[in-house]
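These notes concern the structure reproduced below.
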């Protein structure tokens, strides 16, 4: 119950951060606590999205320290992991996303 | 900074106290036999590396460690699988009697399948494995786990980039598990020249167990070795182990202590004359070897023993490695030994299998298990030489030693038959177990005179006076018959030679009897003749005797009659006159003279 509730709150918080209500790109960033890597990853992601996917994306940040059960669904091992849930197919990118070129390759953003 | 004498003393006191407080605590693995080798189990709260090549039983080891821990020792576990899904695992180990799903429901076990696809993953910078930690922590907390199994964590190396990060993260993971006090089993695939491909043994220094799966002469044997176990003594040999429907069983050589009890109770052999030769039968709880070449009746002698034991109401186990149960029953029936009724009443169990169907270890385990289940008083293994063929010579000797000790420790009388190859020395067992045997019967074939005859020798029989006579025996429809011994000029006579000798002996006896009868008849005739003569003599004597008697009586009468007549005559004549006509002249003269003188 509480876990679901926190998950919902987390989602709502994430939704607030995203500018577009019906996004083409649904991204989920898994972190475990606000570590340096997590912060770096989020800012790197935000930067890339703002540059390449203006208005077409939504970022959901899941902190596994708060919602440990969520890690299982997306088979999360490495932290941070970015999951591209939409468009299909699902893609995973690990690391702090500091290598922007590889993030674009990983997310298949080049085709845009 | 030199220590004062006082501080040295206090330090030495401290050292003395250490062993009790710091002695290594062990968690029973639940794997049969392993705890005996490791002296109690795996190191509690520490990681253990279980490594080996593909198919050596690593996953099963890990799963059994968890399942037994949860069921038998009340320690819930977490199984983190990097290869198989929950469903696959459940199905795989269900065949070994573990209901994993039920255990998961009862919160005894948590299974987490970690699947990482290399091609889905793009590395874009620094990362760590905190996600794995989180999942593991969640799983541990969900069941209150005390045990953790990581099944082939090395597969992360193929699915995640950047081995350097992985290595440091794994090191951190093992450290973390230790801090959590988790007794952990980590499996690893064997590498070339190393225990694991990624050198996990560098990180896990507490206990390393190596599983091996070898195929020798097309027969596989599994072996387990404790490579290292820090802080404790452990058996360092390779121990054979088996995977069957009850999981892993390691056969430790713990029974080499030689401390079994010795009974002086006798077990009848089922063959009357053999009992006599052994002074009453085999000793209870000893090991009997019956060796001989093909067709010498080894199985028959075993069947006699089985029948005798079953008739006393004892339980028997017969392991047949040559004949099927039905064939064995028919064959024994043909020599008058009906074992079928004992199978029917449950006192006899026939276990027939092909020796090459499985390795020696597997056979021995099945023997172990059957013996443990049935608790028989007698075990027959027919023949043990076939069993040995399914393993290497060295391995089979130690295995048989173990088997013998196992049976002896339980006070079970055991009869092995052993086939001696044609032409081989009969007192040379192919098995080389003769020194472990208490009573050894050698069945031999004597060839000669166009026939094969069977002889039996008691080569040894520990602790009992026994016959040293080579005895011929015959397998008849009444079973094995030990025959009378005939000694000829060149040893024991057998077969036709014996028959000839028997016939000659019979003729000799007949001749003797005839002679005795003749002598007795002669004696009768002589006695009759004697009696006849005696009767004649007695007759003659009686006649003479009667005549003489009559004569004597006459003379007595005459003697007594004369004086009276004379007196009467004198009276009539009134004179002392002699009666002139009375008696003979001599007498008259005498009397006259007398008369004159008077």
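Points worth noting:
- From the list B:253, B:219, the one residue that fits, being modelled with pLDDT under 80, over 19 Å from residue B:57 (Cβ atoms) and surrounded by 14 or more Cβ atoms within 10 Å (Cβ to Cβ), is B:253.
- In the condition set (1) farther than 15 Å from residue B:34 by Cβ; (2) under 37 Å from the mean Cα position of the chain (by Cα), residue B:83 is compliant with all but (2).
- Taken as a whole, the range B:90-110 holds at least one residue that is within 13 Å of chain A (Cβ to nearest Cβ) and at pLDDT 85 or above.
- Residue check for residue A:85: touching a strand residue (DSSP E or B) at 6+ places or on another chain (Cβ under 8 Å), crowded, with 17+ Cβ neighbours inside 10 Å and either under 27 Å from residue B:139 (Cβ atoms) or at the interface with chain B (Cβ under 8 Å from one of its Cβ atoms) (or both): no
- Boolean, residue B:127 is away from chain A (no Cβ under 11 Å), surrounded by 21 or more Cβ atoms within 10 Å (Cβ to Cβ), within 28 Å of residue A:78 (Cβ to Cβ) and modelled with pLDDT of 85 or more: no
- Exactly one residue among B:149, B:145 is surrounded by 21 or more Cβ atoms within 10 Å (Cβ to Cβ) and under 21 Å from residue A:64 (Cβ atoms), and that residue is B:145.
- Among residues that are under 15 Å from residue B:150 (Cα atoms), touching a helix residue (DSSP H, G or I) at 6+ places or on another chain (Cβ under 6 Å), at pLDDT below 85 and within 14 Å of chain A (Cβ to nearest Cβ), residue B:78 is not included.
- Residue that is nearest to the chain's Cα centre (by Cα), among those in the range B:35-60 that are in a helix (DSSP H, G or I) and closer than 12 Å to residue B:188 by Cα: B:58
- Only one of A:108, A:74, A:96 that is more than 22 Å from residue B:155 (Cβ to Cβ) and surrounded by fewer than 20 Cβ atoms within 10 Å (Cβ to Cβ): A:108
- Residue B:370 passes every criterion in (1) crowded, with 18+ Cβ neighbours inside 10 Å; (2) under 24 Å from residue B:411 (Cβ atoms) apart from (1).
- Meets criteria (surrounded by fewer than 15 Cβ atoms within 10 Å (Cβ to Cβ) and part of a helix (DSSP H, G or I)) for residue B:64: no
- Among the conditions (1) free of Cβ contacts under 8 Å to residues at least 12 places away in the same chain; (2) outside any loop (DSSP other than H, G, I, E, B); (3) buried (at least 16 other Cβ atoms within 10 Å of the Cβ), the only one that residue B:185 does not satisfy is (1).
- Taking the criterion of being closer than 13 Å to residue B:81 by Cβ, free of Cβ contacts under 8 Å to residues at least 60 places away in the same chain and within 9 Å of chain A (Cβ to nearest Cβ), the residues of the range B:130-160 that qualify are B:132, B:135.
- Within the range B:113-124, the only residue that satisfies the criterion of being buried (at least 18 other Cβ atoms within 10 Å of the Cβ) and more than 7 Å from chain A (Cβ to nearest Cβ) is B:113.
- The lone exception for residue A:49 - which of (1) more than 23 Å from residue B:115 (Cβ to Cβ); (2) crowded, with 20+ Cβ neighbours inside 10 Å; (3) facing chain B (nearest Cβ under 10 Å); (4) at pLDDT below 85 it fails: (3)
The values are calculated or read from the model by the stated rules, or taken from the named source; none is laboratory data. No experiment lies behind these values; they were computed from the predicted model shown. Please note: Cβ atoms are built from the backbone with ideal geometry, for glycine as well, and neighbour counts cover all protein chains shown.
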